[in-house]
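Trainee: Pasting a structure below so you can have a look.
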Amino acid sequence: MTYQQFPAQPGQQPPTPSGMYAPPPKKLGAGAKVGIGCGGAFGALVLIGVIAAAMSGSDTTSQADKPDKPSKAAAAPVKERAKGDAKPAEDKPKVKPKAAAPKSPADRFKAFVAKSGSANEKAAIGHVTKVQGAEEQNDILDSVDIYTDFTGGLLGPHQSEGKLIASAFADWKDSKNGLVTIYDAKGEILANGNF
């Protein structure tokens with residue numbers, strides 16, 4: 001019978017011969033288990049704190065933003081406040097509301113084209129139903145989607161109107177790296193352009 005010779009290497013044990021059991025791995029001691037448990041609990045608390053700070057961070061205002069003086073109603077004695085609140089509704093001045101600026105991006109875009117667009121652009125812009133992504137721009141990758149009630153897609157009969165809408169949008173908004181995509185009623189691309 002021949003025996004296999006293993007070269008002696010520092011820090012390495014020779015493999016166990018077949019039929020012998022390998023020693024079981026070392027188990028963690030009680031101190032190690034407690035340390036890992038406390039570390040996990042601490043990590044969870046830090047994570048909850050970060051999430052809570054992120055959620056409430058946008059609602060905070062500094063003391064500099066708050067007015068220094070209390071309002072007249074708050075500074076007046078209780079009897080005077082009650083007298084001030086008892087005024088009849090007829091004494092309040094009636095102010096006609098001014099024409100409010102259009103709220104949605106689609107309405108603002110239509111108002112811009114109505115003011116400074118060509119006759120063909122004005123006709124094409126009447127088919128716009130929604131403008132998405134026009135509000136947030138970062139000049140890195142600005143992507144705007146404009147939805148219309150046209151049909152036919154990229155090769156359909158309304159592709160030229162889609163190009164007019166894209167051109168009008170480029171007149172309205174500027175970006176270093178902007179892409180405007182015009183969609184038809186079915187969500188197919190009608191046209192696109194840079195702005």
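The numbers here are math on the coordinates, done by the rules we state, and not lab data. Since the model is a prediction, treat every value here as computed from it, not as a measurement. Heads up, the Cβs are rebuilt from the backbone with ideal geometry, glycines too, and the neighbour counts pull from every protein chain shown.
Trainee: Suppose the chain between Ser118 and Lys176 were pulled fully straight at 0.36 nm per residue; how much longer would it get relative to their current alpha carbon spacing?
Mentor: Values: separation 58, 0.36 × 58 = 20.88 nm, distance 2.46 nm.
Contour length minus Cα-Cα distance gives 18.4 nm.
Trainee: Give, rounded to the nearest 20 debye, the magnitude of the charge dipole that the stretch 114-195 has about its Cα centre when Lys and Arg contribute +1 at Cβ and Asp and Glu contribute -1 at Cβ. Can you show the working numbers first?
Mentor: Details: 7 positive and 12 negative charges, 41 e Å.
Roughly 200 debye, rounded to the nearest 20.
Trainee: Kindly state, to the nearest 0.05, the FRET efficiency for Phe42 paired with Lys186, given R0 = 35 Å and r defined as their beta-carbon distance.
Mentor: With a Förster radius of 35 Å, E is 0.05.
Trainee: Lys and Arg at +1, Asp and Glu at -1: add these up for the other residues within a Cβ distance under 15 Å of Gln137 and post the number.
Mentor: Values: positive: Arg108, Lys173, Lys176; negative: Glu135, Glu136, Asp139, Asp142, Asp145, Asp174.
In short, -3.
Trainee: Once you have the Cα-Cα distance between Val50 and Lys130, take 0.36 nm times their residue separation minus that, and quote the gain in nm to one decimal.
Mentor: On the way: separation 80, 0.36 × 80 = 28.80 nm, distance 3.68 nm.
Result for the pair: 25.1 nm of gain on full extension.
Trainee: What is the gain in length, in nm to one decimal, between Lys26 and Leu155 on full extension, counting 0.36 nm per residue of separation less the C-alpha to C-alpha distance? Could you put the intermediate results ahead of the total?
Mentor: Working: separation 129, 0.36 × 129 = 46.44 nm, distance 7.07 nm.
Result: 39.4 nm gained on full extension.
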